[in-house]
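Structure record follows, encoded as structure tokens.
The values are calculated or read from the model by the stated rules, or taken from the named source; none is laboratory data. Being a predicted model, the structure only gives us computed values, none of them experimental. Cβ placement follows ideal geometry from the backbone for every residue including glycine, while neighbour counts extend to all protein chains displayed.
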Amino acid sequence: MKYNNSMAIYWRRISKNKMAAIGALIVLFIVVIAILAPVISPYEPDAQDLYSSLTGPSKEHWFGTDIYGRDILSRVIWGARISLSISSLAVFLSILIGVFLGAIAAYFGGILDEIIMRFFDILLSFPDILLAIAIIAILGPGRSNLITAITIYSIPQFARIARSTVVSEKTKEYVDAARLSGESEMNILFRYVLPNSLSPIIVQGTLRIAYAILIISGLGFLGLGIQPPTPEWETDLSIARTYLRASPHTGIFPGIAIFITVMGFNFFGDGLNEILNPRMKDR
Amino acid sequence: MNNYFIKRLILIIPILLGVSLLSFFIIHLIPGDPARVIAGQGATSDDIAVIREEFGLDKPLMEQYFAFVGGIFSGKLKSISSQQPVIDEITPRFWNTVQLATFGIILATVFGVLLGVIAATHKNTIIDNLSTGFSLIGVSMPIFWLGLLLIMLFSVALNWLPAGGKDSFISFILPGITLSLPTAAIIARMTRASMLEIVNQDFIRTAVSNGIPQKTVIYKYALKNALIPVVTVVGLQFGYMLGGAVLTESVFGWPGLGRLVVQSIFTRDYPLVQSGILLIAMSFVFVNLAVDLLYAAIDPRLRRKK
Amino acid sequence: MEHLLEVKNLKIQFDTEEGTVYALENVSFHLNKGEILGIIGETGSGKSVTASAINRILPVPPARIVNGEIIFQGKDVLQYKREEMNKIRGKKISMIFQEPMTALNPVFKIKEQMSDVIMHHQKVNRKNAVKQATQMLEQVRIPDPEMVLDKFPHELSGGMRQRVMIATALSCEADLLIADEPTTALDVTTQDQILALIQEMRKNIDISVILITHDFGVVAEICDKVAVMYGGTVVEFTDIYTLTKKPYHPYSNGLLKAIPPVDKTIEKLNTIPGSVPNLLKPPTGCRFHPRCENALEKCKIDPPPLKEIEENHFIACYNPIKVGENNG
């Protein structure tokens, strides 16, 4: 009886939560586009056609063409693939590393905790985008360096989440009980304690992907992102800037793509937050 | 309170140390020989040797570190491109960034708090939904795209406002609005959430049952409590704006420090890159410290006299 | 003689995530000037909801007032508009709450909080308001009022905060004080002091009091009249002596029997079998019937109305326990 009751409550929350639903739909839509890029893209994203340079939206080119005559719609579609893959990979890596480090720091405490957390404090003393810029400055632009940069600045956040969960759970009785029944410390940490941090991590992870897409776009805009001719939403934007006056469509469409994607992830992440951690008297 | 102050101040020192070390190490983390990197492509081995000599790259790392930090303040550390002391280059640019960030944070706070309070007091009405929508849109929009759009509208199409540069007060408007929008969105959301939480607290119930009129309850009793966490967010966002303004600066050609750092990366002017990053990071650390202390000062519960 | 307060057939429900909570089914009682009425019941009996309904600080939504009247000094409070209600709260009806630790605003000094209330209800300036506040603090037996006024709430103990709350609540000389479990969170000594204080207030400024509690000892100590609540209904309403001698309702009877006697040892504590009703799905008819020894078929169908079966002795029961079944 009680089980049914809590399932019923979750269901009510999910169906009432339009935000999560809309977000999920948008995310799904973008993911599908990214996956099907080779199939649905009308042109090759690199195919230049200098005769049709900078034409506005038309029947042949729904989003128009850029300075090299490349089809913007195709570039936007392929750009989705690249943005999504970089951001999700980077966030995934930072979750793995961050949660691991934060968890062992909190669980074993002592000097390990001090060193790890101090190091993260130093990392956190740099605004995210600045840290990313610094890392790109060191390693140079390019896809894998971009992933590295994003992973590095994202790690401390997840480490903190893991750490605070572990700190509050490790004094609880079930941990002692597990120890007494002979479980190894690592086992206890990863199988029993850490799963409690799952929901905030999922929520943060979703929001971080959104943020990563923004950062990738920012870096691309500055010229520090993926190098052309790879279709990248943002690098395209920076090229577009030069031609704003005459051909605004070159800037508008990639920007809209970024905007909708990021918004989708933000909606979804927020919605997830509502579902997994409902606040008492808020709605 | 004094103890807390001193403790926090002491804790800063290792962080500042770490930050300066990291900034210093930038050049040494680049794969390859630093001297070769600075010299650039097409440099002869003589050129590289000169560079090595000039930058003291043959000396032990610790000595280099102290030379680095000392060189910034003494003016010995010079920009490669301009041959001027880095401190002369980065200081005025930093000041420009600070001005823009200050303008931005004031805009963001005023607008954000107002929107948040109104949304909280008119929960579940159109205004509330609009505010939530604004909050989500504000953090989802790429900031430079927003800047571009504003330029297209107000400079190109309407010709009301300048598209770039820092000439007069009017130049502040577009970049300021651009910079402030994502932060305003965050502040609005934070204020709303904070207000909603406060309004459910017992002491609000006490005030209401004693007959205090609704406006007073909201704008005096609730707001003062609700703003405490908001102050933290405002401070952090300000610190963040100092470093994160780089995108806005680039869109509007604002002569700020972030933009200088990025440009220096392309010209491989590493002294500028390192010292620029160091300055931004240090100011971020100090802003965070100020926020912590401010928080303790505002909340009477933290003012224990031990 | 007109009652100071008369609650008639109050019915309140809450719309929550889990469904509708049938909080108050049928609450009726009255209070005369100068009386102390105790409302006693277990957790979930609806006593706090009743208290909050009287000065209308129930959050509506999620609460919904389905039915009933609350007649205070001749007028139905449920019909008042917001401004009218604001004028009454603090000035005519005051309330104090259970948790003194969280009841005061943490970022303002006591001085400011108290004088705000006084200034709202009387046309005085801040200085005079503070003077009045000082006098009130003296009345509630706070030794150094000026020092207390200058402090923040977290710098005072629980007992002090409760006194400050009482002082604030009474500072505008209300006619009715609602005290919602004012002593539950306090230790026994402080409890006694606060109760003595309330009695003294009644004597000095002729205030009428509704005291909500789950502790029968508190009721016995200072109340003139008692309303026993169960499952959102007033099941018995009479004066304290009659209740202790002749508790006609099976629930009141069970309650009183459950109190362990001071003068002899017993082997087993008396309890009322079963547990409090789930207000999401309350029992049909009389809400006590699943636990009642005297339950009839009728009880399962129609909830019994509150009827005066003797002078000033009201019961909501079809089959009350007759005199003879006494307790100590």
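Looking only at the stretch C:194-214, decide whether some residue is closer than 13 Å to C:Phe97 by Cβ, in contact with a Pro (Cβ under 8 Å, 6 or more places away or on another chain) and touching a residue at least 60 places away in the same chain (Cβ under 8 Å).
Scanning the stretch C:194-214 turns up at least one residue that is closer than 13 Å to C:Phe97 by Cβ, in contact with a Pro (Cβ under 8 Å, 6 or more places away or on another chain) and touching a residue at least 60 places away in the same chain (Cβ under 8 Å).
In the stretch C:5-38, which residues are under 23 Å from C:Asp239 (Cα atoms), touching a Gly at 6+ places or on another chain (Cβ under 9 Å) and buried (at least 23 other Cβ atoms within 10 Å of the Cβ)?
Answer for the stretch C:5-38, where residues must be under 23 Å from C:Asp239 (Cα atoms), touching a Gly at 6+ places or on another chain (Cβ under 9 Å) and buried (at least 23 other Cβ atoms within 10 Å of the Cβ): C:Val7, C:Leu10, C:Leu24, C:Glu25, C:Val27.
Can you name every residue in the stretch C:293-319 that is over 25 Å from the mean Cα position of the chain (by Cα) and either loosely packed, with under 11 Cβ neighbours inside 10 Å or not small (Gly, Ala, Ser) (or both)?
C:Glu293, C:Asn294, C:Leu296, C:Glu297, C:Lys298, C:Cys299, C:Lys300, C:Ile301, C:Asp302, C:Tyr318, C:Asn319
Yes or no: C:Lys245 in contact (Cβ under 8 Å) with a residue 40 or more places away in the chain and at negative phi?
Taking the combined requirement at face value, the residue satisfies it.
Is there any pair linking a residue in the stretch A:70-85 that is buried (at least 23 other Cβ atoms within 10 Å of the Cβ) and among the basic types (Lys, Arg) to one that is at pLDDT below 80 and not in a helix (DSSP H, G or I), with Cβ under 6 Å and at least six apart or on different chains, and which?
Listed by first residue and then by second, the contacts come to A:Arg70/A:Gln48; A:Arg75/A:Pro45; A:Arg75/A:Pro231.
Just name the residue that is nearest to B:Gly138 (Cα to Cα) out of those in the stretch A:177-212 that are in a helix (DSSP H, G or I) and among the hydroxyl-bearing types (Ser, Thr, Tyr).
A:Tyr211
Give me the residue from the stretch C:147-167 that is β-branched (Val, Ile, Thr) and modelled with pLDDT of 90 or more and, out of that set, nearest to C:His214 (Cα to Cα).
Filtering the stretch C:147-167 for residues that are β-branched (Val, Ile, Thr) and modelled with pLDDT of 90 or more, the one nearest to C:His214 (Cα to Cα) comes out as C:Val164.
Looking at the stretch B:144-155, is at least one residue over 20 Å from the mean Cα position of the chain (by Cα), in contact (Cβ under 8 Å) with a residue 24 or more places away in the chain, closer than 27 Å to B:Phe286 by Cβ and in a helix (DSSP H, G or I)?
No, the conditions are met nowhere in the stretch B:144-155.
Let me spell it out: the conditions are (1) of a type in the set (A, V, I, L, M, F, W, C); (2) under 23 Å from C:Ile178 (Cβ atoms); (3) assigned to a helix (DSSP H, G or I), and C:Met147 meets all of them except one. Which number is the exception?
Tallying (1) of a type in the set (A, V, I, L, M, F, W, C); (2) under 23 Å from C:Ile178 (Cβ atoms); (3) assigned to a helix (DSSP H, G or I), C:Met147 fails exactly one: (2).
Considering (1) buried (at least 22 other Cβ atoms within 10 Å of the Cβ); (2) in contact with a Pro (Cβ under 9 Å, 6 or more places away or on another chain); (3) among the β-branched types (Val, Ile, Thr), say which one C:Val234 fails and leave the rest.
So C:Val234 meets the others, but not (2).
Answer with yes or no whether B:Phe134 is within 13 Å of chain A (Cβ to nearest Cβ), buried (at least 17 other Cβ atoms within 10 Å of the Cβ), assigned to a helix (DSSP H, G or I) and out of contact with any Gly (no Cβ under 9 Å at 6 or more places or on another chain).
Details: within 13 Å of chain A (Cβ to nearest Cβ): yes; buried (at least 17 other Cβ atoms within 10 Å of the Cβ): yes; assigned to a helix (DSSP H, G or I): yes; out of contact with any Gly (no Cβ under 9 Å at 6 or more places or on another chain): yes.
Spelling it out, B:Phe134 is indeed within 13 Å of chain A (Cβ to nearest Cβ), buried (at least 17 other Cβ atoms within 10 Å of the Cβ), assigned to a helix (DSSP H, G or I) and out of contact with any Gly (no Cβ under 9 Å at 6 or more places or on another chain).
So which residues in the stretch C:72-91 are outside any helix (DSSP H, G or I), surrounded by 18 or more Cβ atoms within 10 Å (Cβ to Cβ) and touching a strand residue (DSSP E or B) at 6+ places or on another chain (Cβ under 7 Å), if there are any at all?
Across the stretch C:72-91, the qualifying residue is only C:Phe72.
Evaluate the stretch B:167-187: report whether one residue or more is facing another protein chain (nearest Cβ under 10 Å) and touching a Gly at 6+ places or on another chain (Cβ under 7 Å).
Looking through the stretch B:167-187, at least one residue is facing another protein chain (nearest Cβ under 10 Å) and touching a Gly at 6+ places or on another chain (Cβ under 7 Å).
For B:His122, work out the one condition from (1) under 22 Å from the mean Cα position of the chain (by Cα); (2) modelled with pLDDT of 85 or more it doesn't fulfil.
Here B:His122 clears every test but (1).
Grab the helices (runs of 4 or more DSSP H) fully contained in the stretch B:33-124, keeping just those with 3 or more residues being within 14 Å of chain A (Cβ to nearest Cβ).
B:34-39, B:86-121
Could we say that B:Leu293 is crowded, with 22+ Cβ neighbours inside 10 Å and more than 11 Å from chain A (Cβ to nearest Cβ) here?
Working: crowded, with 22+ Cβ neighbours inside 10 Å: no; more than 11 Å from chain A (Cβ to nearest Cβ): yes.
No; evaluated as a whole, the condition is false for this residue.
Just one of the numbered conditions (1) buried (at least 22 other Cβ atoms within 10 Å of the Cβ); (2) in a helix (DSSP H, G or I) is not true of B:Ala193; which one?
(1)
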